[in-house]
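See structure below.
The values are calculated or read from the model by the stated rules, or taken from the named source; none is laboratory data. Small disclaimer: the values here were computed from a predicted structure and weren't measured. Cβ sites come from the backbone with ideal geometry, for glycine too, and all protein chains shown count toward neighbours. Ligands, DNA and RNA are excluded from the accessible area calculation, which covers all protein heavy atoms including side chains. Shrake-Rupley method; radii C 1.70, N 1.55, O 1.52, S 1.80 Å.
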Amino acid sequence: MSRIAGLRDRLGIAYGGDYNPEQWPDEVHEEDLRLMKEAGVSLVSVGIFSWASVEPRPGEYDFGWLDRVMDRLAGGGVAACLATMTASPPPWLTTRHPEMITVRADGSAISPGGRQHYCPSSPVYRSHAVRLAERIATRYADHPALAIWHVNNEYGNVIPCHCDVSAAAFRRWLADRYGSVEGLNDAWSTRFWAQGYSAFEEVLPPRSPAPFANPAHALDYARFTSDELLACYLAEKEVLTRVTPDVPVTTNFPPSLRPVDQWAWAPHVDVIGYDAYPDPLDADAVPKVAFSYDVMRSLRGGQPWLLMEQAPGAVNWRRRNAAKPRGAMRLWSWQAVAHGADAVMFFQWRQSRGGAEKFHSAMVPHGGPSTRIFGEVRELGRELAASRFLAGARAPRADVAMVLDWPSWWALEGQARPSAEVRFLDAAWSCHRPLYDAGVACDVVRPDADLSGYRLVVVPNLYLTSEEAGRGLTRYVEEGGTLVMSFFSGIVDPYDRVHLGGYPAPFRRMLGLAVEEFHPLAEDASVGLSLGSGTLWSEEVRLEGAEAVERFTTGALAGEPAVTRHRFGRGEAWYLATRPDPAAMRVLFDRVREAAGVGPVLPGLPDGVQARARETEEGRCYIVLNHGAAAVDVPLPTPMREELAGAGPAASVRLEPSGVAVLRPG
Ligand code: GAL
């Protein structure tokens with residue numbers, strides 16, 4: 001049995017949260033177990049920030065309290081996602097080795113007293129972290145509570161380190177990548193501004209160069225940082241798999257998605273873990289997080305993933321931290337399951353009494369088990385426990401794929417661009433949203449993926465494109481695929497050097513056009529389109545075989561193409577020379593996908609209702625979510641049973657506002 005199958009058989013859809021028992025006395029632990037059972041908790045992430053509690057002094061370990069916690073969990077039938085505890089080095093370590101503390105780009109060091117203040121390249125940090133991971137692994141290898149390892153916490157959700165140790169590691173990384181300093185000079189275009197290096201020893205981290213960093217230098221530093229963090233993860237993982245070869249290993253990817261190249265990490269993470277914190281004050285929170293969930297499901301080719309953290313109510317780290325509206329915690333949890341999650345977990349189990357996160361909601365709030373939140377937690381636990389049949393079920397492969405590439409993302413958001421307002425996530429959301437609103441499922445792929453099975457490929461702002469990825473996307477269209485690409489794609493190579501031959505050189509043939517000049521728009525300005533308006537960006541397009549589907553109706557480019565279509569080979573390539581407003585995007589995307597033969601997961605879904613499918617052993621199940629404010633009737637293609645209410649086969653299902661239906665073949 002694979003490591004993951006074992007986990008699934010043991011836990012079903014896992015339910016629980018971060019468990020920080022070191023913050024509480026023993027008698028509270030007893031109550032914890034009682035309440036966990038009451039809430040149907042099956043898995044808790046134990047001790048993520050417990051380094052100082054298990055190693056209070058150098059080399060001196062205190063596992064007594066953790067032994068008792070683990071024994072209690074095992075006794076209560078709750079499994080442990082046991083942390084390696086390496087995310088927050090204790091004060092004794094940073095006092096002895098201040099050189100392992102993160103140094104910001106401006107040269108100032110982070111002050112210990114928060115968390116995650118380690119330099120990932122520091123041999124001191126790494127050796128202490130690996131030593132601790134090994135201690136924990138050997139101590140709990142055979143413990144019955146142990147189900148899965150949780151390495152560190154949110155790698156990359158830190159300030160990148162720019163210290164001297166990092167500088168030396170960066171030089172080694174560069175020497176590996178480029179072989180010679182001439183190779184580096186060429187890749188970084190260092191003849192510009194007299195930056196030519198005569199030896200690797202002269203290269204520094206891009207600390208705060210003025211007026212701008214060399215963009216290739218900055219981009220490589222982002223790659224290097226992701227690789228260094230991955231090396232930390234791998235060093236711990238190596239210990240864990242050596243000691244416990246049958247126990248799966250995961251880490252939780254941070255909510256922002258951006259910091260590490262998750263395509264590079266995913267093969268090393270046995271099951272993907274993700275922390276999601278949609279903002280209740282953001283009207284678009286639900287469709288935005290849907291995109292993140294599609295990324296997570298796609299990272300390991302559709303393998304179910306774990307929602308490792310979310311808030312039961314409010315967080316405490318935004319400027320304004322709103323509670324989740326009644327019913328949203330349940331609805332949004334089911335949304336993750338609909339997108340392929342095999343776990344619904346929270347930060348955290350019991351709300352802290354002191355410390356920086358005491359105003360962050362928890363499954364057991366300050367007010368105790370009689371609170372509304374705990375009531376909802378209990379209810380959700382019951383529903384998930386009854387939904388075991390979904391565990392391990394993959395989503396059917398979507399007809400649509402969206403291209404995502406981390407180095408392109410980082411490079412796009414570098415300094416000295418035509419517009420600092422062009423952000424990758426906004427581009428991805430703007431293209432994902434019309435699919436989401438139309439009830440269409442979407443996978444996420446790397447730019448060099450095999451695209452042959454997809455009817456439609458969407459390419460938001462693929463600013464950086466390798467020759468190979470350019471050829472792959474072109475071949476996809478040539479062989480009959482439909483592709484939509486948004487502006488400012490195919491501009492530079494992997495070293496942030498412009499692809500010569502007219503923008504976007506790698507895609508010109510496929511798109512049947514050339515871009516002459518960029519005209520980013522002023523803040524809050526827009527340009528007219530016959531479908532509505534274009535926002536953020538416009539550019540001067542010269543048609544070379546493509547037809548203009550939309551033209552700018554106002555502004556400097558009035559009369560020029562704004563949206564184009566080009567029949568190329570057996571397929572069709574669309575190009576957006578602006579960001580059409582959401583309504584216009586919807587019209588365009590509906591048109592493109594209908595022509596490509598892409599339909600929704602379930603036909604006839606009312607507005608505000610989302611449906612996603614998972615393939616269980618007994619057939620295709622649907623999870624249907626009413627994000628709208630009115631009750632709706634949702635027609636079903638064949639009569640199905642509704643699991644949560646225990647309703648027999650019916651041809652439609654009624655959903656109250658915030659309602660959820662889990663439908664099984666009748
Ligand atoms: C996450 C982090 C948790 C907790 C949570 C609060 O980013 O992993 O430890 O701080 O945020 O929302």
field: Thr95 versus Glu478: modelled label distance in nm, points set 7 Å from Cα along the beta carbon direction
entry: 6.6 nm
- request: Determine ³J(HN,Hα), in whole Hz, for all residues of the range 532-540 in sequence, where each value follows from phi through the Karplus function 6.51 cos²θ - 1.76 cosθ + 1.60 and θ = phi - 60°; x replaces Gly and Pro.
  value: x, 9, x, 10, 6, 8, 8, 7, 8
query: What shape does the range 318-431 have by the C-alpha gyration tensor, where a ≥ b ≥ c are the square roots of the eigenvalues, rounded means a/c under 1.5, and otherwise prolate means a/b greater than b/c and oblate the rest?
result: oblate
- line: Residues meeting the amide H criterion for Trp305 (H placed from the backbone, H to H distance under 5 Å, 5 or more places apart or on another chain) are Ala341, Asp342
- prompt: Cα gyration tensor of the range 596-666, axes a ≥ b ≥ c as square roots of the eigenvalues: rounded (a/c below 1.5), prolate (a/b > b/c) or oblate?
  reply: oblate
task: Please provide three numbers in whole Å: the alpha-carbon extents of the range 94-240 along the principal axes, with the largest listed first.
output: 61, 32, 23
Inter-centroid distance (Cα atoms) of the range 571-611 relative to the range 634-666, Å: 26 Å
Rel. contact order, % - alpha carbon contacts under 8 angstrom, at least six apart, the chain: 10 percent
task: Please report how far the C-alpha centroid of the range 167-237 lies from that of the range 398-434, rounded to the nearest whole angstrom.
output: 23 Å
- line: Counting only DSSP loop positions in the range 353-454, the chymotrypsin sites (Phe, Trp or Tyr not before Pro) whose Cβ has at most 13 other Cβ atoms within 10 Å are Phe359
- request: Return the carbon/sulfur percentage of the accessible area of the chain, one whole number, probe 1.4 Å, all protein chains in place.
  value: 50 percent
- prompt: Quick one: if you stick a label point 7 Å off each Cα along the C-beta vector at Ala416 and Asp607, how many nm between them?
  reply: 4.7 nm
field: Prolate/oblate/rounded label for the range 1-50 (Cα gyration tensor, a/c 1.5)
entry: oblate
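Within the range 173-241, report the chymotrypsin sites (Phe, Trp or Tyr not before Pro) that DSSP leaves as loop and that have at most 12 other Cβ atoms within 10 Å.
Here the chymotrypsin sites (Phe, Trp or Tyr not before Pro) that fit, given the DSSP loop and packing criteria, are Phe212.
Once the convex hull of the alpha carbons of the chain is built, what does its volume come to per residue, in cubic angstrom?
Hull volume normalised by residue count: 157 Å³.
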statement: So, with points 7 Å from each Cα along the Cβ direction, the Arg104-Arg319 label distance in nm works out to 1.9 nm
task: Quick one: work out the % antiparallel among DSSP beta bridges in the chain, nearest 5.
output: 50 percent
- request: Grab the chain and count how many Lys pairs have their alpha-carbon atoms under 26 Å apart, sequence gap of 8 or more, or different chains.
  value: 4
query: Over the range 598-664, what is the mean sequence separation of C-alpha contacts under 8 Å (at least six apart), divided by residue count, expressed as relative contact order in percent?
result: 32 percent
Under 5 Å, built H, 5+ apart or other chain: amide partners of Leu529: Gly534, Thr553
message: How big is the dipole moment of the chain about its Cα centre under a simple scheme where the beta carbon of each Lys and Arg is +1, that of each Asp and Glu is -1, and everything else is neutral? Debye, nearest 20, please.
response: 820 debye
Cysteines in the chain that, by Cβ-Cβ distance, have no pairing candidate under 4.7 Å: Cys81, Cys163, Cys232, Cys431, Cys442, Cys621
message: Can you tell me, using C-alpha contacts under 8 Å and at least 6 residues apart, the relative contact order of the range 322-374 as a whole percent?
response: 22 percent
